[in-house]
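The block underneath contains the structure these notes are about, expressed in structure tokens.
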Amino acid sequence: MINAIVFDLDGVIITTDELHYKAWKKMADSMGIYFDKKINDRLRGVSRMSSLDIILEKYNGVLSENEKVQIANKKNEHYRKMLSALTPLNVEVEVKETLVKLSKKGYKLAIGSSSKNAKYILKRIGLYSLFDAISDGTNITKSKPDPEVFIKAATFLDIEPKACAVVEDASDGIKAAKAAGMLAIAISNATLNQKADYCLKSFENLISVIDQIRK
Ligand code: B16
Ligand code: MG
């Protein structure tokens, strides 16, 4: 029986995946590195430093660890500048309504995000208080596909992993959910991963999928 739903943030709750792309693109262009949306899809759910390593596969030079940290910090500055313009109006109505409906049905709601900016984003878009627990990049040592972020979310909720369902837009997120022993529900890009237990046509479709699971 499913008692809790753990949501990925970027690309599921809010389209900050687009802002990550813009920030990385600006950084890559400034260094003359080829970067496109296909490469960007490999960054979904992956930590900031691991994302940089993927982007640097197209870079011919050699960088020290310190230089890499500086580049990642610069990207985060671009990203935070865009995040500072977010308001509750950036949240799709169907997302907010679906979360409220699930909460009223008695499900515990949590965030399971690799992002260190997750709490800031949730506060900016006015959804922070809707979640019973937030597990993010600040409380993990390994990013998705490692299950740590989801296991921590279940621990914060005091609910067993097998009673949790995860909603993810990243293939690595689906792998992480399965490794955590949770039900994996895919949306957008993650629907390509055959390991997903369910695929959503839209965010609000989650209500009927959860009702179906309950039967
Ligand atoms: P930050 P999610 C992930 O968030 C993003 O998908 C990924 O592209 C990003 O690199 C990662 O967070 C770290 O984000 O730089 O803000 O700490 O999809 O797991 O919610
Ligand atoms: Mg995501």
Using a simple charge model, +1 on the beta-carbon of Lys and Arg, -1 on the beta-carbon of Asp and Glu, nothing else, what dipole does the chain show about its Cα centre, in debye to the nearest 20? 200
Kirkwood-Stokes translational diffusion coefficient of the range 95-215, alpha-carbon pairs, 10 °C, 1.306 mPa s, µm²/s: 110
Angle check, please: helix 93-104 long axis (alpha carbons) against the longest principal axis of the chain (alpha carbons), in degrees 0 to 90, nearest 10. 40
Order of ILE14, ILE71, ILE174 under a 10 Å beta carbon neighbour criterion, fewest first: ILE71, ILE14, ILE174
Of LEU86, ALA190, TRP24, farthest towards positive along the dipole that unit charges on Lys, Arg, Asp, Glu beta carbons give the chain: LEU86
Among the aspartates and glutamates, which fall within straight-line cross-link reach of LYS38, defined as a Cα-Cα distance under 19 Å, with same-chain neighbours fewer than 8 residues apart omitted? ASP10, ASP17, GLU18, ASP29, ASP53, GLU57, GLU168, ASP169, ASP172
For the range 76-145, state which GluC sites (Glu not before Pro) are in a DSSP loop and have at most 13 other beta carbons lying within 10 Å of their beta carbon. none
Which distance in Å, rounded to a whole number, links the C-alpha centroids of the range 8-52 and the range 108-128? 18
D (Stokes-Einstein, µm²/s), Kirkwood Cα radius, the range 1-119, 1.306 mPa s at 10 °C: 100
Normalised by the residues of the chain, what does the relative contact order come to in percent, with Cα pairs under 8 Å and at least six apart? 25
Once both axes come from the Cα atoms, what is the angle between helix 65-83 and the longest principal axis of the chain, in degrees from 0 to 90, rounded to 10? 60
So, by mean Cβ neighbours within 10 angstrom, what's the order for 19-25, 111-117, 42-48 with the highest one leading? 111-117, 42-48, 19-25
Quick query: amide H of CYS199 versus all other amide H atoms, modeled in the peptide plane; which residues come in under 5 Å with a sequence gap of 5 or more or a different chain? ALA186
Beyond 28 Å, what share of the Cα-Cα pairs of the chain remains, rounded to the nearest whole percent? 26
Using 0.36 nm times the number of residues separating ASN66 and LYS26, minus their current alpha carbon distance, what extension gain do you get? 12.4 nm
Which lysines have a Cα lying under 18 Å from the Cα of LYS68, excluding residues fewer than 8 positions away in the same chain? LYS25, LYS26, LYS58, LYS116
Would you please give the residues with an amide H less than 5 Å from that of ILE134, counting only those at least 5 places away or on a separate chain, with H modeled from the backbone geometry? ILE111
The chain, helix-only ellipticity at 222 nm - DSSP H runs n ≥ 4, -39,500 (n - 2.57), divided by all residues, nearest 500: -13000 deg cm²/dmol
In a Debye calculation with equal point scatterers on the alpha-carbon sites of the range 81-154 and no solvent, what is log10 I(q)/I(0) at q = 0.15, 0.17, 0.19, 0.23 Å⁻¹? -0.55, -0.70, -0.85, -1.09
Phi angles of the range 198-209, converted by Karplus (6.51 cos²θ - 1.76 cosθ + 1.60, θ = phi - 60°) into ³J(HN,Hα) in whole Hz with x for Gly and Pro, give 9, 10, 9, 7, 7, 5, 5, 4, 4, 4, 5, 5
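Every number here is computed from the coordinates shown, using simple stated rules; none is lab data. Keep in mind it's a predicted model, so treat the numbers as computed, not measured. Using ideal geometry, Cβ is built from the backbone for each residue, glycine included, and neighbour counts are taken over all protein chains shown.
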